[in-house]
Amino acid sequence: MTFDVALRLTEIVMALAFLQQCAEHLAVGTRSDRLWFGARAVACVGLLVSIATPFCLVVLCAISLRNLSRFGGPYNGGSDKMSLLILWCVTAAHILPVRLWQEMALAYLAVQMVLSYFISGQIKIVNPAWRSGQALVDVFAFSAYPVSEQLRRLAQHKSLLLVMSWAVMLFEVLFPLTLLDGTALIIGLGIGASFHLANACLFGLNRFFWIWLAAYPSLIWFQGRLSTILTLQRDAGLFWP
């Protein structure tokens, strides 16, 4: 995947994710919020149809700063933090004057994407509650996350939740290894997308699905770029055969 294709795909999925977020505020927000999120939606449409892209991105960045002040930070947690990361990296990739700097901005997004999985897994795997499966038992039994009361019955299936816990942890901590091979990365991203879709269906975390997918093109491009660099260095004799 080329840099330009990865950047364009990231813009499109990011804009769709932002439109979903805007719809929430346009439906139930205050009058002031509706005006700001209405302007945000217009800028997202501009991104989708590729009209004045740098201007639309700058507008979105300005609105993001306003929203940080309005809501006292990224009020929706991880999905809002990822939204800000993708937005500012994409904006930098458009407005920086040197192509190398533009690529560094998209590469930074890809690296942060890898770290988002790895650090999450590392935190879980050192937690005894996650290693025993009790953390997921508590989520289904007591938290407000499950979208259906019937899902709480899963808390009774401790063996299943133990397997699910280890599946999640191993996927997250081993995810950086997918950078070693393009096919492995595609498989890893497929598992990651399925993981976020499951979270949306089971826990109502629908924002995470689209905004994490928005960063996937940057990771595909980054892996290809990394493979090219390593191949050139090997051919030049910089590595042992």
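All of the numbers you see were taken from the coordinates with simple rules; none came from a lab. Treat the numbers as computed from the prediction; the structure is a model and nothing was measured. Note: ideal-geometry Cβ built from the backbone for every residue, glycine included; neighbour counts use all protein chains shown.
Results, tabulated for the structure shown:
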{"read-out": "Leu177-Ala39 pseudo-label distance in nm [points 7 Å out on the Cα-to-Cβ vector]", "value": "4.9 nm"}
{"read-out": "Surrounding net charge for Gly188, when Lys and Arg each add one and Asp and Glu each subtract one, Cβ distance under 13 Å", "value": "-2"}
{"read-out": "Contact order relative to length of the chain, as percent, for alpha carbon pairs under 8 angstrom and 6 or more apart", "value": "25 percent"}
{"read-out": "Interchain or long-range residues, amide H under 5 Å from Gly204's placed H", "value": "Val147"}
{"read-out": "Under the span-like rule (Cα at least 20 Å along the axis, Kyte-Doolittle mean at least 0.5), DSSP H helices of the chain", "value": "3-28, 31-48, 53-71, 78-95, 99-125, 158-174, 182-203"}
{"read-out": "Additional length obtainable on full extension of the chain from Glu149 to Ile229, 0.36 nm per residue less Cα span", "value": "23.7 nm"}
{"read-out": "Cα-centred dipole magnitude for region 17-167, charges only on beta-carbon of K, R (+1) and D, E (-1), debye, nearest 20", "value": "160 debye"}
{"read-out": "Farthest toward positive dipole pole in region 10-159 [+1 Lys/Arg, -1 Asp/Glu at C-beta], among Val28, Ser132, Cys56", "value": "Ser132"}
{"read-out": "Region 150-235 shape via C-alpha gyration tensor axes, a/c threshold 1.5", "value": "oblate"}
{"read-out": "Environment charge of Val58, counting only residues whose C-beta is closer than 14 Å and scoring Lys/Arg +1, Asp/Glu -1", "value": "+1"}
{"read-out": "Paramagnetic reach from Arg70 (point 7 Å along Cα→Cβ, amide N under 15 Å) across region 11-40", "value": "18-40"}
{"read-out": "Theoretical ellipticity at 222 nm over the chain - DSSP helices of four or more residues, -39500 (n - 2.57) apiece, nearest 500", "value": "-27000 deg cm²/dmol"}
{"read-out": "Per-pair calculated FRET efficiency, R0 = 22 Å: Cys201 and Leu170 via Cβ, rounded to 0.05", "value": "0.55"}
{"read-out": "Peptide ranges 200-208, 156-164 listed from the most packed, as the mean C-beta count within 10 angstrom indicates", "value": "200-208, 156-164"}
{"read-out": "Gyration tensor (alpha-carbon) shape descriptor, region 3-226, a/c threshold 1.5", "value": "oblate"}
